[in-house]
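Visitor: Take a look at the following structure, please.
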């Protein structure tokens, strides 16, 4: 997605290039790709790694600064169209590579690993800039790549995410994945020789679902076809090497460290869930 400009306007924008026409061919669709050390107050821009679409292997600290388009902008949606960094350590810490997003009205935890297809929402903190900082270490020689779409959202826009929602989904159905979710094991091993976790440590965030006309509740079900599609346990490889964490769902007081919270599910006297499976849950809409 780009922005409709006159051809000369697009060519005058740092990182701007044309991709088709618009406005009955009076303008061009201008794509703005920005790299390390840049800043922009334009809407619908893309922050990419040096050499994109080719990956980068270098050790770097790369920053892009997001400036508000105008005073009626309250929020930004950041889409990780491509975001491939080094995996977290065996304990889930982003010790080798990390993406940090700072300067907004709320704290975003460091992220790493494979997060292509994920998104976040973040409110501006007044007129303060938001900085996206990606750091990579020479201790791991892997192909890193990022293509991050940045869309600024007006305060009165119906697509503004409610307060407390790091992720916001506004369709009738879909699949929600945790950061760095994947079906392959972590390549990092714990001290006991067991596979480490793909789960990133110390995360606490909200995932929200927008209301849909004609519907009054939300049903949560574990994705089929992947036996580890719900493993809020630390280890995602083989229940046999994970004693004390049965395939049955764990809930309530059994979940003390890692868990998800689903408010007021019908017929279940708990809102915390963890372990190696998730029961089907139905919840009435909670309006923001």
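Visitor: Can you give the FRET efficiency to the nearest 0.05 for residue 248 and residue 284, using r as the Cβ-Cβ distance and R₀ = 25 Å?
Guide: On the way: r = 26 Å, r/R0 = 1.03.
According to the calculation, E is roughly 0.45.
Visitor: So, one more: Return the single residue from 91, 12, 258 with maximal mean-square fluctuation; model: Gaussian network over the chain, springs between Cα atoms under 10 Å.
Guide: Largest GNM mean-square fluctuation: 12.
Visitor: Pick from 148, 268, 78: which is most flexible by mean-square fluctuation in a GNM of the chain where alpha carbon atoms under 10 Å apart are linked?
Guide: Result for the chain, Cα springs under 10 Å: 268 fluctuates most.
Visitor: Another question about this same structure. Can you pull the one-decimal nm distance between simple spin-label points at residue 52 and residue 116, each 7 Å off the Cα toward Cβ?
Guide: Going by the 7 Å Cα→Cβ label model, 1.3 nm.
Visitor: If R0 is 25 Å, what FRET efficiency do you get for residue 211 and residue 177 from their C-beta distance, rounded to 0.05? If you can, show how the numbers build up before the last one.
Guide: Values: r = 22 Å, r/R0 = 0.88.
Rounded to the nearest 0.05, the efficiency is 0.70.
Visitor: Can you tell me which of 229, 178, 254 moves the most in a GNM of the chain? Springs connect C-alpha atoms under 10 Å apart.
Guide: Taking springs between Cα atoms under 10 Å, the residue moving most is 254.
Visitor: Between the range 102-176 and the range 201-222, how many Å separate their Cα centres?
Guide: 18 Å
Visitor: Still on this structure, please answer the following. Before anything else, pin down the relative contact order of the chain: Cα pairs under 8 Å, at least 6 apart, normalised by residue count, whole percent. Mind dumping the intermediate values first?
Guide: Details: 645 pairs, mean separation 43.5, N = 288.
Worked out over the chain, it gives 15 percent.
Rule-based calculations on the coordinates, nothing more; no lab input. If you're wondering where the values come from, they're calculated on a predicted model, not measured in any experiment. Every residue, glycine as well, gets a Cβ built from its backbone with ideal geometry; the counts of neighbours run over all protein chains shown.
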